[in-house]
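Colleague: So that we are looking at the same thing, I have put the structure below in structure tokens.
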Amino acid sequence: MATAYVYEFTEGSREQAGLLGGKGANLAEMTRLGLPVPPGFTVTTDACRVFLRTGSTPEGLDREIAGHLTRLEQVTGRRLGQADNPLLVSVRSGARFSMPGMMDTILDVGLNDASVIGLAESTGREHFAWDSYRRLVQMYGATVLGIDGARFEEVLTRRRRERGVTDDVSLEARELAEIVREFKSIIRADTGEEFPQDPREQLDRAVSAVFHSWNGERARVYRGREHIPDDLGTAVNVQAMVFGNLGPDSGTGVAFTRDPGTGRAGVYGDYLADAQGEDVVSGVRDALPLQELERLDPDSYARLGEYLRTLETHYRDLCDVEFTIERGRLWVLQTRVGKRTAEAAFRIACALVDEGVITWPEALARVDGEQLDQLTFPRFDAHADTMLLARGIPAAPGAAVGAVVFDVAEAVRRAGAGERVVLVRHETSPDDLPGMIAAEAVVTGRGGKTSHAAVVARGMGKVCVCGAAELDIDTRGRRLTAADGTIVEEGAVVSVDGTAGTVHLGSLPLVASPVTRYLETGTRSPGVVEAVARCLEQADEIRRMDVLANADTPEDAARARRYGAGGIGLCRTEHMFLGTRRHFVEDMILARTDAERRRALDALLPLQREDFTGILSAMDGLPVTIRLIDPPLHEFLPDDTESAIRLAVARATGREPDRREVRVHEALEVLREENPMLGLRGVRLALTVPGLIATQVRAIGEAVVARIRAGGDPRAEIMIPLVATVKELSLVRAEVERVLADVEADTGVPVRCPVGTMIELPRAALTAGAIAPVADFFSFGTNDLTQTTWGLSRDDAEASFLAAYLDRGIIEVSPFERIDRAGVGRLIRIAIDEGRRGKPGLRIGVCGEHAGDPDSIRFFHDAGVDYLSCSPYRLPSARLEAGRAAASTTTDADTR
Ligand code: PEP
Ligand code: MG
């Protein structure tokens, strides 16, 4: 049988959203439920895809449409565009995923010079008939023929001005008829065509225009933002028109089965008497609360309530509908599972469980980690007056206010004096860390969502806006200039909205989050907090994966614990070598003899021991996975440029250069690498710089002993970064065990630390079977694994071509944000499979950024990962998402 490209509303169902689009599938579902849906049919997304591929509608579509149109005419007892009492249809887009207002719609198809008279007679409303015809010619001209919509608007504006009125309703029928004539002459002049009088031609060209609008600018941009694939295409719904603007006994509105803002029970919505749907949406007239309909038309109100209950029970979720009352007769034009705020999502999920409508696993499918995150951030008061300085990429959500500073020293100085600061940089590097810690928010001129600034800020729970390219940042002059010329000097207060990606001048009032208070203190309160708490408890109960934190200070460890971490899955140790301790590392690098090196490392030992003791104490009784030093050594040396200049000046002026500066400079020459990210770092460092890891391991061992002696329950684990071959791991492991045995011998206290490896290089993933027997656990470093699998440096790619790749659809989402299932994901699956074959029961985690990403969490669950480790601030949403992933395997009710 040939493919059917057209389905009656009576033929489809909600399961067919892929073929019929969301709107078409739901229209079919409502028709099957017996709701009063104006009859019609849907042209499928298959037909659209043929159109997009070939530039013309598929063979046979004409005939199919003719057949369905005939049936529609039989059902309604009227022919499309007949001269008296004509059938008119709407032609609306409807993709699989809702893309509100992004594609085209054409209403009143079927009107022409004859049927407009018939419509005026059958409805007894001449004004209405001509206004409808005016709308059709205008929409057809703009949408089908591509004429600039402003041409038509100019005519309307002139007519209104001449008549001294402000809206079209006040124009007379005669004037509307003249406007139609003018519109038709615009069409003639612009295209050389006449506005078609044949209703079937109108219909066919309207259908093609809707197909075409799938690739309109608005739609493409929207899809990019919402991660909707470009090749889905849209369906087209052709439906008999009903009119809400036929007098006081007519009207139109939208209704929700519950309040989509707060989730409270009870019918909620807007109603506008004697109006068309677009009047409600455009807000030209103030709509009344839906409850007013009860007074105006109690019968329709009661029936609407009944339909809403039917829909909510059937869809088992919040639904919204668009409805029209035509002369006392209620029609439902559209329904869908309704959009809602984050607060409403949690409250509705719990309410539906309490009402016995859904189970807990289903409830977890109706909320998500992103919504939970939204509830945890302070917000700016939505009513505040603002002066926008710039827009950038919303890299780390939340809202913060502070004085602008342009360098680390100033950030630290002002914050030390109790001032709130916002650090503004072109981009950030590890050198900026102290400034980022001191700041409330970070704003950069360059870089994207996974730039250094973004990753570090998210990790620290700081607000961050990246890539605010409109800002002219002058760090030397200590000022920035906005695109409109506004100059902001250091110390001026700005407000940064990391959720919206905006920077504002002045101090906007903040509203604190009660959900964060709950997470911090456990204080519950009715409403959204209670709903979030219950969902999290359920997620914890149902999830298979443990959720740990990436934390490297006792403060972060304590917060992680409050936020429900089951331990630390990644304690990075590099910050323990920065700041005031930097000179010890410098000493170590500059050491000429073993004794000198020993002295430098010995100076670091007690400081590191203290660090580890603090963290082990904060995480007492829970695992703390400490990763040995990872970054290349040059990162611990001062910036070379200034010292090079100083040395050159000294030489040129015959002065004796500073001896230490010369040595640092020489060391930098030796350590310089073309590609440091692929150079001497991670395990390679451990194997080539004598004594470095021995010092770290001794500090860990002694911290464990200190905690045991203090009566604690330390569970330190040691993790080796950037392993490529099992030999590296065997060698380092032997060294680790030797040092721990020494500590044991020195102290008489047994020290047991599992030793595992990160899997963050493709070679490690591909040889996991050989590595596993030497490792007590694996942890995927998906940041490096993504970099090395794609062969692209995260920071460089983000700053340069990644945006262009996203724009052109070469990639849909940055692979640093969401795990690339086909590539990196495949390596992960191979490593898990072969790793567990090499060592049955091997414990496997993920500690890259992806461990906190909702979509990636689903993948890790499916791939058999045992635990996630993410920044403390992402813990609640990771717990929720791990629960949702487990829940989805027990239910397929995820209808969102
Ligand atoms: C990783 O590579 O994913 C990882 C966790 O290590 P880092 O981000 O510190 O390189
Ligand atoms: Mg790494």
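The values are calculated or read from the model by the stated rules, or taken from the named source; none is laboratory data. Here the structure is a predicted model, which means the values were calculated and not measured. Cβ placement follows ideal geometry from the backbone for every residue including glycine, while neighbour counts extend to all protein chains displayed. The protein model used for the area step is the full one, side chains on, heavy atoms only, and it has no ligands, DNA or RNA in it. Shrake-Rupley method; radii C 1.70, N 1.55, O 1.52, S 1.80 Å.
Colleague: Through the Karplus equation 6.51 cos²θ - 1.76 cosθ + 1.60, θ set to phi - 60°, convert the phi angles of region 148-159 into ³J(HN,Hα) values in whole Hz; use x for Gly and Pro.
Modeller: Result, ordered by residue: 4, x, 5, 4, 6, 4, 4, 4, 4, 4, 4, 4 Hz.
Colleague: What is the set of long-range amide H partners of S871 at a cut-off below 5 Å, with H atoms built 1.01 Å from backbone N?
Modeller: Residues meeting the criterion, in which the H sits 1.01 Å from N, are N550.
Colleague: Measure out, as a whole number of angstrom, how far apart the alpha-carbon centroids of region 138-172 and region 417-457 sit.
Modeller: Result: 50 Å between the Cα centres.
Colleague: As an exercise, identify the GluC sites (Glu not before Pro) in region 351-413 lying in DSSP coil whose Cβ has no more than 15 other Cβ atoms within 10 Å. Write down the numbers at each step before the final one.
Modeller: Details: sites: E355, E362, E370, E410; in loops: E355.
Of the GluC sites (Glu not before Pro), the ones in loops of region 351-413 whose Cβ has at most 15 other Cβ atoms within 10 Å are E355.
Colleague: With every protein chain left in place, what is the accessible area per residue of region 168-285 in square angstrom, probe 1.4 Å? Could the numbers behind the result be given before it?
Modeller: On the way: 4930 Å² over 118 residues.
Per-residue value: 42 Å².
Colleague: In degrees between 0 and 90, to the nearest 10, how far off the longest principal axis of the chain does helix 854-863 point, with axes built from Cα atoms?
Modeller: So the helix axis and the longest Cα principal axis differ by about 70 degrees.
Colleague: Where does each of F41, F380 land when they are ordered by accessible area, with a 1.4 Å probe and the largest first? Don't skip to the end; give the middle numbers.
Modeller: Values: F41 0, F380 25 Å².
If we order F41, F380 from most to least accessible, we get F380, F41.
Colleague: Same structure again: Shape call for region 377-511 from the C-alpha gyration tensor, a ≥ b ≥ c root eigenvalues: rounded (a/c under 1.5), prolate (a/b greater than b/c) or oblate? Let's see the in-between values first.
Modeller: Details: a/c = 1.19, a/b = 1.11, b/c = 1.07.
Verdict is rounded for region 377-511.
Colleague: Computing the accessible area with a 1.4 Å probe over protein heavy atoms, can you report the carbon and sulfur percentage for the chain? Don't skip to the end; give the middle numbers.
Modeller: On the way: 18500 of 37340 Å².
Carbon and sulfur: 50 percent of the exposed surface of the chain.
Colleague: Turning to a different aspect of this structure: Would you please give the residues with an amide H less than 5 Å from that of R843, counting only those at least 5 places away or on a separate chain, with H modeled from the backbone geometry?
Modeller: F778
Colleague: Can you list the HN-Hα couplings for region 735-746, worked out from phi with the Karplus curve (6.51, -1.76, 1.60; θ = phi - 60°), rounded to whole Hz and with x for Gly and Pro?
Modeller: Taking θ as phi minus 60°, the curve returns 5, 4, 5, 5, 5, 5, 5, 4, 4, 4, 5, 5 Hz for region 735-746.
Colleague: Same structure again: Given the convex hull of the Cα atoms of the chain, what is a quarter of its surface area in nm²?
Modeller: Working: hull surface 176.7 nm².
With every direction weighted equally, the projected area is 44.2 nm².
Colleague: So what J values fall out for region 337-345 if you push phi through Karplus, 6.51 cos²θ - 1.76 cosθ + 1.60 with θ = phi - 60°, rounded to Hz, Gly and Pro as x?
Modeller: Ordered by residue, 3J(HN,Hα) equals 5, x, 5, 8, 6, 4, 4, 4, 4 Hz.
Colleague: Mind grabbing the accessible area of H452 for me, 1.4 Å probe, Å², rounded to tens?
Modeller: For H452, solvent-accessible area is about 40 Å².
Colleague: Here's another thing I want to ask about it. Counting Lys and Arg as +1 and Asp and Glu as -1, what is the net charge of the other residues whose Cβ lies under 13 Å from the Cβ of D46? Walk me through the numbers on the way to the answer.
Modeller: On the way: positive: R49, R53, R96; negative: E59, E64, D231.
Net local charge, D46 excluded: 0.
Colleague: With n ≥ 4 as the cut-off for DSSP H runs, can you work out [θ] at 222 nm for the chain, using -39500 (n - 2.57) per run divided by the number of residues, rounded to the nearest 500?
Modeller: Numbers: 36 runs with 410 residues, N = 896.
Taken over the chain, the calculation gives -14000 deg cm²/dmol.
Colleague: Skipping prolines and chain starts, which residues have an amide H placed within reach, meaning under 5 Å, of the one on G848, given they are 5 or more residues away or on another chain?
Modeller: Here the answer is T782, N783, since their amide H atoms fall under 5 Å of that of G848.
Colleague: Distance from the Cα centre of region 353-393 to that of region 633-675, in angstrom?
Modeller: Measuring centre to centre over Cα atoms gives 50 Å.
Colleague: Please compute the per residue accessible area over region 399-472 with all protein chains in place, 1.4 Å probe, rounded to a whole number of Å².
Modeller: Details: 2470 Å² over 74 residues.
Value returned for region 399-472: 33 Å² of accessible area per residue.
Colleague: Continuing with this model, one more query. Keeping all protein chains in place and using 1.4 angstrom, which order do V670, V221, V332 fall into by accessible surface area, from largest down?
Modeller: Ranking V670, V221, V332 by accessible area, largest first, yields V670, V221, V332.
Colleague: Here's another thing I want to ask about it. As a test question: what accessible area, to the nearest 10 Å², does L433 have when a 1.4 Å probe is rolled over all protein chains in place?
Modeller: That residue has around 40 Å² of solvent-accessible surface.
Colleague: Now for a separate question. I'd like to know which of L806, N783, P840 lies farthest towards the positive end of the charge dipole of region 783-848, counting +1 on Cβ of Lys and Arg and -1 on Cβ of Asp and Glu.
Modeller: Going by the Cα projections, it comes out as P840.
Colleague: Continuing with the same structure: For region 633-672, with the dipole built from +1 on Lys and Arg beta-carbon atoms and -1 on Asp and Glu ones, taken about the Cα centre, which of F636, G654, A667 lies farthest toward the positive end?
Modeller: It is G654, whose Cα lies furthest towards the positive end.
Colleague: Which order do T499, T262 take when ranked by solvent-accessible area (1.4 Å probe, heavy atoms of all protein chains), largest first? Before the final figure, lay out each step's value.
Modeller: Numbers: T499 75, T262 30 Å².
Heavy-atom accessible area, descending, gives T499, T262.
Colleague: Here is a further query. Roughly how many Å² of K339 are accessible to a 1.4 Å probe, to the nearest 10?
Modeller: Probe radius 1.4 Å; accessible area of K339 about 120 Å².
Colleague: Continuing with this model, one more query. Whole Å is fine, so just give me how far the alpha carbon centre of region 719-747 lies from that of region 526-543.
Modeller: 42 Å
Colleague: Also: Convex hull over the alpha-carbon atoms of region 6-240: what's its volume per residue in Å³? Spell out each step's value before the answer.
Modeller: On the way: hull volume 31.0 nm³, N = 235.
Roughly 132 Å³ of hull volume per residue.
Colleague: Rank Y7, V585, L33 by how far each Cα sits towards the positive end of the charge dipole of the chain (+1 on Lys, Arg Cβ; -1 on Asp, Glu Cβ) and give me just the farthest.
Modeller: In the chain, that residue is V585.
Colleague: A further question follows. Counting heavy atoms of the protein chains only and a 1.4 Å probe, report the per residue accessible area for region 633-672 as a whole number of Å². All intermediate terms of the calculation are to be shown ahead of the outcome.
Modeller: Details: 2700 Å² over 40 residues.
Value returned for region 633-672: 67 Å² of accessible area per residue.
Colleague: If one takes the longest principal axis of the Cα atoms in the chain, at what angle in degrees, from 0 to 90 and to the nearest 10, does the Cα axis of helix 61-76 lie?
Modeller: 60 degrees
Colleague: Sorted from largest down, give the three principal axis spans of the alpha carbons of region 754-865, whole angstrom values.
Modeller: Here the spans come out as 44, 24, 21 Å, largest first.
Colleague: With everything on Cα atoms, drop me the angle between helix 126-139 and the longest principal axis of the chain, reported from 0 to 90° to the nearest 10.
Modeller: 40 degrees
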